[in-house]
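Encoded as structure tokens, the structure appears first; notes follow it.
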Amino acid sequence: MSPNEAEASSLMRQAQEWLADLRKLPLSEKSASFRLESAYEAIREAMQAFFAQHGFKSYSHEAVIAYSLGHAHISEGEAAEADRYRELRHDINYRARKVNAGEARQAIRFASRLVRRLACALRASQRIQPSR
């Protein structure tokens with residue numbers, strides 16, 4: 001696969017739209033699991049934008065986190081937190097786990113900070129990319 005700046009931009013925009021939509025929705029104990037899933041999806045899409053930018057496609061959530069860490073898009077602490085939300089999302093989807101509103105609120109805050117920073121990093125890298 002060749003580098004795809006348009007797909008990278010689209011994925012980042014989608015991550016930002018996940019968050020914009022998420023901020024409009026009420027958060028309660030009943031909705032917490034759904035909100036955490038949405039926060040995680042925003043995180044994953046933002047990291048996947050760099051995958052696309054470099055010409056890769058991944059169907060593994062773990063690979064996207066490892067790639068983002070390996071290419072210094074995220075710190076070790078951010079990778080650990082993203083991976084924790086990946087595991088929670090997995091447990092929500094496949095083990096019917098419930099999370100509380102506090103956990104979801106933390107995930108939303110983390111996603112907001114990370115997506116904002118990754119969006120800035122992607123824009124900066126696109127400005128300095130040599131033309132192909």
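In this structure, is residue 17 free of Cβ contacts under 8 Å to residues at least 12 places away in the same chain, of a type outside the set (Ser, Thr, Tyr) and not in a loop (DSSP other than H, G, I, E, B)? Criteria met by residue 17. So, in the range 13-28, of the ones that are exposed (fewer than 14 other Cβ atoms within 10 Å of the Cβ) and hydrophobic (A, V, I, L, M, F, W, C), which residue ends up farthest from residue 93 (Cα to Cα)? Filtering first and then ranking leaves 20.
Return a yes/no flag: does the range 102-111 have any residue that is in a helix (DSSP H, G or I), closer than 21 Å to residue 14 by Cα and among the acidic types (Asp, Glu). Checking the range 102-111: not a single residue is in a helix (DSSP H, G or I), closer than 21 Å to residue 14 by Cα and among the acidic types (Asp, Glu). Taken over the range 66-89, residues that are outside any helix (DSSP H, G or I) and crowded, with 18+ Cβ neighbours inside 10 Å amount to 2.
Among the residues of the range 29-65 satisfying the criterion of being among the aromatic types (Phe, Trp, Tyr) and part of a helix (DSSP H, G or I), which is surrounded by the most Cβ atoms within 10 Å (Cβ to Cβ)? Step by step, filter the range 29-65, then rank; the result is 40.
Each row is one residue, and each column tells you yes or no for (1) among the aliphatic types (A, V, I, L, M); (2) more than 17 Å from the chain's Cα centre (by Cα); (3) farther than 18 Å from residue 7 by Cβ.
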residue	(1), (2), (3)
55	no, yes, no
64	yes, no, no
75	no, no, yes
97	no, yes, yes
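Of the conditions (1) touching a residue at least 60 places away in the same chain (Cβ under 8 Å); (2) part of a loop (DSSP other than H, G, I, E, B), residue 119 clears all except one; give me its number. Answer for residue 119: the failing condition is (2). Candidates are the residues of the range 90-101 that are in contact with a Ser or Thr (Cβ under 7 Å, 6 or more places away or on another chain) and not in a helix (DSSP H, G or I); the one that is nearest to residue 15 (Cα to Cα) is 99.
For (1) at pLDDT 95 or above; (2) acidic (Asp, Glu), each residue gets a yes or a no:
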position	(1), (2)
81	yes, yes
84	yes, no
90	yes, no
101	yes, no
104	yes, no
117	yes, no
124	no, no
127	no, no
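Selection of the range 1-12 for residues being modelled with pLDDT of 95 or more and either surrounded by fewer than 15 Cβ atoms within 10 Å (Cβ to Cβ) or among the polar types (S, T, N, Q) (or both) yields 9, 10.
The values are calculated or read from the model by the stated rules, or taken from the named source; none is laboratory data. Just so you know, these numbers come straight off a predicted model, no measurement behind them. Ideal geometry is used to build each Cβ from the backbone, glycine not excepted, and the neighbour counts take in all protein chains shown.
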